[in-house]
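Right, one structure below, let's go through it.
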Amino acid sequence: QDMRGLAFYVDWVKRHKQFPESDVTGSALRKLRTSESIPLLMELLQLGYEKGLVEDQFHTLDRAALDALNTVAMQSEDSYRQVREKVQGFIPTNISTLKNVNFLYQYLDSLERSFYLNRSAQVSLDEVIAKVNDVLN
């Protein structure tokens, strides 16, 4: 994936104080899958929490950044851990200066639940039966 393009996008949002997208489902951010994008997505998350950003009231930058981070986190356990650690570090750093950052604790709970549900769904019924039989025998 093109991190230079993402870096350009982050820079554009910083300079213009605008989130130009009005439909999150069509957002290019949702197509990100690589953990290399995490630092830039965290920058977008911070920008989304700052005052003065022009955005659609229903499609916000902070939500788009969190959705993209969620997609990246679901790719692997390593990516999940990286996203979780970055968001966990973001909260205490910004909780006293940015409004609503405390809601990221709820995001972390949801992220963890989604990650482990996603991982458990990848196990076939035959694999589960085999594991149970191994434990019982």
* Structure fact -> Only unsatisfied item for residue 54, checking (1) touching a strand residue (DSSP E or B) at 6+ places or on another chain (Cβ under 6 Å); (2) surrounded by 14 or more Cβ atoms within 10 Å (Cβ to Cβ); (3) not basic (Lys, Arg), is (2)
* State whether the residues of segment 2-18 include one that is touching a residue at least 40 places away in the same chain (Cβ under 8 Å), buried (at least 17 other Cβ atoms within 10 Å of the Cβ) and more than 29 Å from residue 119 (Cα to Cα). => yes
* Any idea which of 52, 89 is at pLDDT below 95 and among the small types (Gly, Ala, Ser)? -> 52
* If only one of 125, 98 is out of contact with any Pro (no Cβ under 9 Å at 6 or more places or on another chain), of a type outside the set (Gly, Ala, Ser) and touching a residue at least 12 places away in the same chain (Cβ under 8 Å), which one is it? -> 98
* **Counted residues, segment 84-101 - those being part of a helix (DSSP H, G or I) and surrounded by 11 or more Cβ atoms within 10 Å (Cβ to Cβ)** => 11
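Starting from residues that are exposed (fewer than 10 other Cβ atoms within 10 Å of the Cβ) and either charged (D, E, K, R) or touching a Leu at 6+ places or on another chain (Cβ under 6 Å) (or both), keep the ones in segment 121-137 and report whichever is modelled with the highest pLDDT.
134
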* Asked: Since residue 65 meets every condition but one in (1) surrounded by 18 or more Cβ atoms within 10 Å (Cβ to Cβ); (2) assigned to a loop (DSSP other than H, G, I, E, B), which condition does it not meet?
  -> (2)
* Asked: Are there any pairs, at least 6 apart or on different chains, whose C-beta atoms fall under 8 Å, with the first in segment 64-83 and under 12 Å from residue 114 (Cα atoms) and among the acidic types (Asp, Glu) and the second modelled with pLDDT of 95 or more and in a helix (DSSP H, G or I), and if so, which?
  -> none
* Structure fact -> Apart from one, (1) in a helix (DSSP H, G or I); (2) under 30 Å from residue 120 (Cα atoms) all hold for residue 75; the odd one out is (1)
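The values are calculated or read from the model by the stated rules, or taken from the named source; none is laboratory data. This is a predicted model, so every value here is computed, not measured. Neighbour counts run over all protein chains shown; Cβ positions are idealised from the backbone, glycine included.
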